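Scroll down for the structure; my scribbles are underneath it.
The values are calculated or read from the model by the stated rules, or taken from the named source; none is laboratory data. Computed from a prediction, not measured in an experiment: that's the story for all the values here. We work out accessible area using only protein heavy atoms, side chains counted, and drop any ligands, DNA or RNA first. Shrake-Rupley method; radii C 1.70, N 1.55, O 1.52, S 1.80 Å.
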Amino acid sequence: MLDEPDDGTGVRPEVLRGDLRRILLESLPAGTIRWDHKVTGVRALGGGRHELTFAHGPTVTTDLLVGADGAWSRIRPLLSNAQPRYTGITFVENYLRDADERHPAAAKAVGDGALFAVAPGKGVLAHREAGGVLHSYIALATPQEWMSGAVTAERVAAEFDGWAPELTALITDGDTAPVLRPINALPIGHRWDRVPGVTLLGDAAHLMSPFAGEGANLAMFDGSELGRAIAAHPGDVEAALTAYEQALFPRSERFAVESAANLDLMFGADAPAGLLTLLTGGERN
Ligand SMILES: Cc1cc2nc3c(=O)[nH]c(=O)nc-3n(C[C@H](O)[C@H](O)[C@H](O)COP(=O)(O)OP(=O)(O)OC[C@H]3O[C@@H](n4cnc5c(N)ncnc54)[C@H](O)[C@@H]3O)c2cc1C
């Protein structure tokens with residue numbers, strides 16, 4: 001067990017996704033976000049302008065289009081032919097609630113922070129969330145076809161036969177049906193040539209496996225850097241986008257390399273030795 005006291009000065013603070021989302025939404029003037037506007041089509045009009053079509057019918061024309069629409073971005077094809085590819089790892093997501101009372105052995109194993117129990121090709125990753133919730137990702141190196149059948153907790157648990165019961169409880173004792181999360185990634189070093197009037201941020205630009213723990217950080221950082229670039233180049237969107245992308249590409253590549261390397265460390269042939277080295281700050285091979 002690695003015990004690091006949390007005195008609030010750590011460099012990797014955690015926040016629940018829902019809380020962070022609420023804080024960000026509350027920082028915006030009412031009406032800034034138009035909900036229920038699913039983009040179904042996008043068309044270049046020339047001169048940096050684009051026409052967006054929404055599922056419920058209307059269209060809008062943009063002077064600046066920012067694709068912040070995640071892994072399966074509708075905007076990305078304007079800039080790049082790259083497609084996310086399956087990394088070979090699937091997560092099965094599970095929640096155990098009121099864990100201290102109802103699942104004390106699992107709660108003790110996870111402790112106050114995070115638990116990583118990894119072996120070649122598989123692992124149990126869990127962390128404690130506010131309110132006594134244990135949130136787990138059960139990781140499996142598996143072909144995508146494995147997911148086509150019904151994936152039940154029992155079927156997942158069968159892959160962990162012989163593992164400690166307080167770990168398999170994180171698979172079998174879930175309060176919700178297990179949710180499959182295949183892990184996809186864009187090619188490392190994904191970039192594009194400048195196309196007038198459009199850019200990408202976050203997963204749309206640099207989807208990577210979550211093993212660098214930076215996906216949400218990068219998406220927010222990209223957004224703030226894009227805002228700063230636009231402010232620094234008043235009246236010249238192209239100069240702003242050029243400056244933004246010149247910094248975006250190497251930054252994204254650095255973290256994509258790290259997340260791919262960490263995937264190998266966690267589930268590669270010498271697991272868990274590589275992860276231990278990573279967490280204890282030792283030299284990596
Ligand atoms: C299993 C798993 C665990 C992860 N854990 C962590 C973690 O612990 N920490 C971390 O930092 N990162 C984590 N990540 C990565 C993180 O979730 C992403 O990097 C982050 O959410 C990217 O933010 P984004 O805004 O770019 O994309 P998203 O969060 O995917 O947001 C895209 C938005 O675009 C909207 N959208 C999509 N298509 C359309 C359309 N056609 N029209 C209109 N709107 C559309 C979606 O509804 C969504 O609101 C994890 C990822 C996975 C898969």
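Could you give P(r) for the range 85-185, binned at 10 Å from zero, as whole percent values over all Cα-Cα pairs? Pair shares across the bins are 16, 52, 27, 5, 0. Working note: Cα gyration tensor of the range 155-285, eigenvalues times five, square-rooted, sorted largest first, giving semi-axes of 38, 18, 12 Å.
Plainly put, the range 22-114 has a radius of gyration that is 1.18 times its Kirkwood radius, both from alpha-carbon atoms, as the Rg/Rh ratio. Springs between Cα atoms under 10 Å define the GNM used for the chain, and in it the highest mean-square fluctuation of A71, A177, A164 occurs at A164. Under 5 Å between amide hydrogens, built in the peptide plane, is the criterion, and for T87 it picks out I183, N184, A185 among residues at least 5 positions away or on other chains. Beta bridges per DSSP, both residues in the chain: antiparallel share near 95 percent. Accessible surface calculations at 1.4 Å, restricted to protein heavy atoms, place the range 1-142 at 63 Å² per residue. Using every pair of distinct Cα positions in the chain, the Kirkwood expression returns a hydrodynamic radius of 21.2 angstrom. From its DSSP helices (H runs of at least four residues, each -39,500 (n - 2.57)), the chain gives a residue-normalised ellipticity at 222 nm of -10000 deg cm²/dmol. Ligands, DNA and RNA left out, the accessible area of the chain computed with a 1.4 Å probe is 54% carbon and sulfur.
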